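The values are calculated or read from the model by the stated rules, or taken from the named source; none is laboratory data. Here the structure is a predicted model, which is why all the values come from computation and not from measurement. Counting neighbours? That spans all protein chains shown, and the Cβs are built from the backbone with ideal geometry, glycine included. Ligands, DNA and RNA are excluded from the accessible area calculation, which covers all protein heavy atoms including side chains. Shrake-Rupley method; radii C 1.70, N 1.55, O 1.52, S 1.80 Å.
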Amino acid sequence: NTFVSWNWKANGQGSANTDGTVNSTYTSASSTSGFSIVKWTHTTSGNYTVGHGLNATPKMIIVKTTNATTNWGVYHSGLTVGKRVILNTTSAETTGYWGANSWTNNTFSIGSGRDDNGKTMIAYCFADVQGFSKAGSYTGNGNAEGPFIYTGFKPAFLLIKKSSATENWIIT
């Protein structure tokens, strides 16, 4: 078998984060690369916020329950407010669980529909860093070459998902 792996290093050892209304037990963040890993326990039936440690508003978050069989939910700033795409399916954007969409330089929002209380959650958060990382969206033009998308640098990793209809994810 042939395998491939993409890896990001947040900042090594994680620590507790009390920025949100629900505390995370592990936050490892790198504002240099715009990436953080956040772990917390879903313990409420309402909307709540979780600290991400980036000091910049995340443009994309991938969230997964670690102690239950659930999908990999993806928030992206280019999606319709409150919607998500699912990393492990080809589905178009669908109803999300992003709470009140309270996104700040310190926290992101999760809604009550995400999981049962007591479930352990993990999130991979991405913020834009000029010359390093960029999360954006575009509308296709029907041409074979597609539209030109300016990122400010030459990307080494590109993840694409059509949000308006069923389509495979593309990694280049």
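Things worth noting here:
- Whether a residue is modelled with pLDDT of 85 or more and either more than 25 Å from S31 (Cα to Cα) or open to solvent by less than 30 Å² (accessible area, probe 1.4 Å) (or both) was assessed, and G73 passes this test.
- Cross-chain or 6+ apart pairs with Cβ under 6 Å, the range 1-14 first and within 11 Å of S28 (Cα to Cα) and touching a residue at least 12 places away in the same chain (Cβ under 8 Å), then polar (S, T, N, Q) and open to solvent by less than 100 Å² (accessible area, probe 1.4 Å): A10/S28; A10/S30; A10/S36; N11/S28; N11/S30; G14/T27; G14/S28
- Candidate set: the range 39-51, residues that are in a strand (DSSP E or B) and in contact (Cβ under 8 Å) with a residue 60 or more places away in the chain; chosen: the one surrounded by the most Cβ atoms within 10 Å (Cβ to Cβ): V50
Quick grid of which residues meet (1) at positive phi; (2) touching a residue at least 24 places away in the same chain (Cβ under 8 Å); (3) under 13 Å from the mean Cα position of the chain (by Cα):
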| site | (1), (2), (3) |
| --- | --- |
| Y75 | no, yes, yes |
| E93 | no, yes, no |
| G96 | no, no, yes |
| D115 | no, yes, no |
| M121 | no, yes, yes |
| S133 | no, yes, no |
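- Close pairs (6 angstrom Cβ cut-off, 6 or more residues apart or separate chains): acidic (D, E) in the range 16-38, not in a strand (DSSP E or B) anywhere: D19/N106
- Pick from the range 52-63, criterion under 18 Å from K9 (Cα atoms) and either in a strand (DSSP E or B) or hydroxyl-bearing (S, T, Y) (or both), ranking: nearest to the chain's Cα centre (by Cα): I61
- Hey, T27 outside any loop (DSSP other than H, G, I, E, B), at pLDDT below 90 and either within 15 Å of F132 (Cα to Cα) or open to solvent by less than 80 Å² (accessible area, probe 1.4 Å) (or both) or not: yes
- Residue check for N11: surrounded by fewer than 20 Cβ atoms within 10 Å (Cβ to Cβ), modelled with pLDDT of 90 or more and outside any strand (DSSP E or B): no
- Those residues of the range 80-111 which are surrounded by 19 or more Cβ atoms within 10 Å (Cβ to Cβ), part of a loop (DSSP other than H, G, I, E, B) and modelled with pLDDT of 90 or more, in sequence order: E93
- Restricting attention to the range 150-172, the residues that are over 16 Å from L87 (Cα atoms) and either open to solvent by 80 Å² or more (accessible area, probe 1.4 Å) or among the basic types (K, R) (or both) total 3.
- Single residue of the range 117-141 satisfying the filter (in a loop (DSSP other than H, G, I, E, B) and open to solvent by less than 80 Å² (accessible area, probe 1.4 Å)) that is nearest to K9 (Cα to Cα): A127
- Residue check, D128 among the charged types (D, E, K, R) and more than 16 Å from the chain's Cα centre (by Cα): no
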